1. Pick from the stretch 27-38 the residues that are open to solvent by less than 10 Å² (accessible area, probe 1.4 Å) and within 14 Å of the ligand (Cβ to nearest atom): which of them is farthest from residue 132 (Cα to Cα)?
2. Quick check: anything in the stretch 153-167 crowded, with 18+ Cβ neighbours inside 10 Å, more than 18 Å from the chain's Cα centre (by Cα) and either hydrophobic (A, V, I, L, M, F, W, C) or within 14 Å of the ligand (Cβ to nearest atom) (or both)?
3. With the condition kept exactly as written, say whether any residue in the stretch 25-39 is in contact with a helix residue (DSSP H, G or I) (Cβ under 8 Å, 6 or more places away or on another chain), within 17 Å of residue 136 (Cα to Cα) and part of a strand (DSSP E or B).
4. Any idea which of (1) more than 14 Å from the ligand (Cβ to nearest atom); (2) open to solvent by 20 Å² or more (accessible area, probe 1.4 Å) is the one residue 97 doesn't satisfy?
5. Among the residues of the stretch 81-94, count how many are exposed (fewer than 15 other Cβ atoms within 10 Å of the Cβ) and on the phi < 0 side of the Ramachandran plot.
6. Count, please, the residues in the stretch 190-213 that happen to be buried (at least 19 other Cβ atoms within 10 Å of the Cβ) and part of a helix (DSSP H, G or I).
7. It is to be established whether one or more residues within the stretch 2-20 are within 16 Å of the ligand (Cβ to nearest atom), open to solvent by 40 Å² or more (accessible area, probe 1.4 Å) and not in a strand (DSSP E or B).
8. Return yes when residue 112 is in contact with a Leu (Cβ under 7 Å, 6 or more places away or on another chain) and open to solvent by 10 Å² or more (accessible area, probe 1.4 Å) and no when it is not.
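The values are calculated or read from the model by the stated rules, or taken from the named source; none is laboratory data. Only a predicted model underlies this, so the values are computations on that prediction, with no experimental measurement involved. Cβ sites come from the backbone with ideal geometry, for glycine too, and all protein chains shown count toward neighbours. Note: accessible area is taken over every heavy atom of the protein model, side chains too, but ligands, DNA and RNA are not part of it. Shrake-Rupley method; radii C 1.70, N 1.55, O 1.52, S 1.80 Å.
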Amino acid sequence: MTTTPRVQAEVPVIAIDGPGGSGKGTVARAVARRLGWHLLDSGALYRLVGVAAGLMGISLDDGPGLARLASGLDASFDSSADSERGILLAGRDATDQIRSEAAGEAASRVAAIPAVRAALVARQRGFRKEPGLVADGRDMGSTIFPDAALKVFLTADVEERARRRHNQLKQKGIDVSLAALSKDMAARDRRDAERTVAPLRACPDARILDSTGIVVDEVVLQVLRWAAEAYPEVAYRMPVTEFVPEPFSRGGSSMCPPRWWLSARA
Ligand code: DC
């Protein structure tokens with residue numbers, strides 16, 4: 001049997017959007033790994049623009065300058081879910097640099113500029129390649145891949161998100177106060193949600209998943225179940241046992257379904 005290669009628009013995409021610290025990066029990577037699909041960490045692109053602006057002395061208020069920088073951004077990164085490093089800026093490894101809180105703050109500011117966002121659209125769509133793509137960001141479902149058959153909006157309480165980020169930073173030896181982190185995170189959420197272009201919000205056709213108090217494996221499994229509904233080819237990659245929709249029997253109480261199950265059905 002011969003198979004005709006699919007055109008790019010037919011390549012399956014799972015869009016995972018949500019606020020910072022919701023776990024979408026970890027979940028997107030785990031899902032992409034399980035499926036053997038490509039991964040797009042779109043936040044890394046905005047972080048790269050922010051870091052590059054700092055290196056080149058371009059002010060974060062200089063919209064046209066930042067848009068020019070974004071459209072000619074000399075950056076590359078691997079779309080393999082197995083490599084967490086290798087983010088290059090002008091040929092130099094910038095993986096650690098872009099993960100700092102300062103880079104996150106700069107990213108949030110450059111991401112609010114419509115011309116910067118427009119300059120990055122084609123680059124993001126270019127990640128859509130066989131056999132499939134898991135794309136993580138804020139506007140993957142609403143703007144970049146509006147035709148994705150599975151859109152997930154992953155969220156969690158701001159306190160829990162701040163705690164997760166705090167732990168991540170602590171593991172990297174970065175010491176910041178939890179209260180300050182929580183305050184910054186709420187401010188960044190507000191900026192991301194209130195900007196005029198591609199604001200952070202769940203699109204009407206997204207499945208909402210609240211991961212507060214839920215272990216990451218549970219969240220990954222739920223996304224994979226939805227993926228199998230949206231894309232038949234995913235079903236072939238999952239063991240039958242993982243399809244048994246029995247979350248009510250977990251945790252010992254049939255009366256107490258996990259919260260993601262409830263939000264998913266709301
Ligand atoms: O997901 P992250 O923390 O790496 O994202 C960094 C910033 O970039 C964040 O403030 C939101 C912004 N961003 C965006 O506006 N659109 C995206 N698709 C991804 C990130």
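1. 27
2. Looking through the stretch 153-167, none of the residues is crowded, with 18+ Cβ neighbours inside 10 Å, more than 18 Å from the chain's Cα centre (by Cα) and either hydrophobic (A, V, I, L, M, F, W, C) or within 14 Å of the ligand (Cβ to nearest atom) (or both).
3. yes
4. The one condition residue 97 does not meet is (1).
5. Matching residues across the stretch 81-94 total 6.
6. Residues flagged as buried (at least 19 other Cβ atoms within 10 Å of the Cβ) and part of a helix (DSSP H, G or I) within the stretch 190-213 amount to 1.
7. Among the residues of the stretch 2-20, not one is within 16 Å of the ligand (Cβ to nearest atom), open to solvent by 40 Å² or more (accessible area, probe 1.4 Å) and not in a strand (DSSP E or B), which makes the answer no.
8. The answer is no for residue 112.
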